[in-house]
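The values are calculated or read from the model by the stated rules, or taken from the named source; none is laboratory data. Worth saying up front: this structure is predicted, and the values here are computed from it rather than measured. Glycine gets a Cβ as well: all are built from the backbone with ideal geometry, and neighbour counts include every protein chain shown. To get the accessible areas, we keep the full protein, side chains included, count just its heavy atoms, and leave off ligands, DNA and RNA. Shrake-Rupley method; radii C 1.70, N 1.55, O 1.52, S 1.80 Å.
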Amino acid sequence: MSVREEIQDGREAGHLRSGIIYTEVLGWIDMGHARGDDVRKLLSDMHQGEHSGKDYYDVKYTQSMGRGGLTIGKFIRWRIRKGRSLFERYSIALSMMMALAHRFEGLQSNFPFYLYTDSGFSGEDLVSDLLGFYRVVSYSNPFPLLQPVSKEEALRRWDYYGPIGSFKNTSFQPILFPDPMKSALALPVKGVLPSFMRTVIPYSDFSSGNVKIVSRDGTVVNW
């Protein structure tokens, strides 16, 4: 759940690991989601699996949140046939991230979590997850391309439109909030992902047997 007090100066984005900023290209960004630590670990696990000597190896991807001493989360486990190229591993990692992000946001949208948080599918969450992925596989500091704004400009948007958690977004496309001081029609609009955030296609070739879904009890599940 993002709150007004977390708003940071977007011009410092390259050094931030928490808080939220506003960018002209992607709208609101949660810098915690956009760190990419989860994707970095997932790709590291794949690298180890490729060098394990096994024909297949399992990788586990997790998303969680903690609040008030309570941690909730979800995970998925996929079984991968050795021999995947680096770009194919990127594709698999993206597909895992996108699949679990939807499940995790859905968890937060359900009872009892929606009673005390607006985090479920909050407008900035999924696009921030996607940015975190591309910060690992593409540009570690893409913010000059995203046109971050000052804290003053970000606060002006927050105060005019309201908390970003009240704008739900179930897609990985950004929601943009034009500056009310500069726009004659200050209404939220759907944005377009920059080209560098469209270079990897989520993996979908589950019929090949190269990637298999593994259930909690360790059995293989057909996609």
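Here are some notes:
- Leading residue by the ranking (least open to solvent (accessible area, probe 1.4 Å)) among those in the range 36-60 that are under 13 Å from residue 79 (Cβ atoms), outside any helix (DSSP H, G or I) and not β-branched (Val, Ile, Thr): 57
- Inter-residue pairs, beta-carbon under 7 Å, first over 19 Å from residue 90 (Cβ atoms) and in contact (Cβ under 8 Å) with a residue 24 or more places away in the chain and in the range 121-143, second among the aliphatic types (A, V, I, L, M) and not in a loop (DSSP other than H, G, I, E, B), 6+ apart: 122/164; 123/164; 123/175; 124/20; 124/29; 124/164; 143/13
- Considered as a group, the residues in the range 160-182 that are among the hydroxyl-bearing types (Ser, Thr, Tyr) and open to solvent by 40 Å² or more (accessible area, probe 1.4 Å) include one that is farthest from residue 90 (Cα to Cα), and that residue is 160.
- When residue 153 is tested against (1) more than 22 Å from the chain's Cα centre (by Cα); (2) surrounded by 14 or more Cβ atoms within 10 Å (Cβ to Cβ); (3) assigned to a helix (DSSP H, G or I); (4) modelled with pLDDT under 95, exactly one condition is not met: (4).
Residues are listed down the side, and each one gets a yes or a no for (1) more than 29 Å from residue 13 (Cα to Cα); (2) hydroxyl-bearing (Ser, Thr, Tyr); (3) modelled with pLDDT of 95 or more:
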residue	(1), (2), (3)
28	no, no, yes
31	no, no, yes
51	yes, no, yes
63	no, no, no
85	yes, yes, yes
90	no, yes, yes
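- Cβ-Cβ distances below 8 Å connect the following pairs, each with a first residue in the range 1-30 that is touching a residue at least 12 places away in the same chain (Cβ under 8 Å) and open to solvent by 50 Å² or more (accessible area, probe 1.4 Å), a second residue that is charged (D, E, K, R) and in a loop (DSSP other than H, G, I, E, B), and a separation of six or more residues or different chains: 1/118.
- The range 176-223 - residue that is touching a strand residue (DSSP E or B) at 6+ places or on another chain (Cβ under 9 Å) and of a type in the set (Lys, Arg) and, of those, modelled with the lowest pLDDT: 216
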